[in-house]
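Following: one structure in structure tokens, then a few remarks.
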């Protein structure tokens, strides 16, 4: 069975090297919709694959990290990178260009890592991330599956190369959220939310 949870965020970016002149040469924003799809052959004690409420914990916080911020490619012009950091309190520095395709891969890797570190306590079994769909516009989206997220052909994305501004980190319920993920510290789902 597959379940889906929808998240939303607003973000600005530049996608260098793309065909569309406006996208590669001007900062612009989108109202993103992110579909997170989980799958399992089992149901938990509440007869669910994975309680949607549990997704409002760390998963929502990671996705919300991009909200009302700017996504910056660390391979962009250094003057541009510094200007974005100087003029935006909320930014995420990525090791890839912030295209819709790369957003779907980055979010897959982030949430897959968090899920792998999560200890469930309500009988959840065999839950895995099926895919991430990132809608950049009403008519365009990218969907990343595990083989896409971890693809060497598309270029590996080292999680330790993703950096969040202080303001983003301070907005998390635990400002060490990303550090804990990188260090592989366990996350224990709450008994009730």
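What's the angle, to the nearest 10 degrees (0 to 90), between helix 100-117's Cα axis and the longest principal axis of the chain?
The two axes meet at around 40 degrees.
Mean separation of Cα pairs under 8 Å and 6+ residues apart, divided by the residue count of segment 2-188: what relative contact order is that in percent?
It rounds to 25 percent for segment 2-188.
Kindly state, to the nearest 0.05, the FRET efficiency for residue 185 paired with residue 10, given R0 = 35 Å and r defined as their beta-carbon distance.
Once rounded, the FRET efficiency stands at 0.70.
Order the peptides 64-71, 152-159, 27-34 from the highest to the lowest mean number of other Cβ atoms within 10 Å of their residues.
64-71, 27-34, 152-159
Taking only DSSP H segments of four or more residues, each worth -39500 (n - 2.57), what value at 222 nm results for the chain once the sum is divided by all its residues, to the nearest 500 deg cm²/dmol?
So the helix-based figure for the chain works out to -8000 deg cm²/dmol.
For the chain, give me the percentage of DSSP beta bridges that are antiparallel, rounded to the nearest 5 percent.
Antiparallel bridges: around 75 percent, rounded to the nearest 5.
What ranking, highest mean first, results for peptides 99-105, 139-145 when packing means the other Cβ atoms within 10 Å averaged over each residue?
Highest mean packing first, the order is 99-105, 139-145.
Where both partners of a DSSP beta bridge lie in segment 1-111, what percent of those bridges are antiparallel, to the nearest 5?
Just about 65 percent of them are antiparallel.
Counting other C-beta atoms within 10 Å, which of 60, 191 has the fewest, and how do the rest follow?
Ascending number of Cβ neighbours within 10 Å: 191, 60.
Here, each number is a calculation from the coordinates, and none is a lab measurement. Predicted model, so just to flag it, every value in this text is computed and none were measured. As a convention, Cβ positions derive from the backbone with ideal geometry for all residues, glycine included, and neighbour counts pool all protein chains shown.
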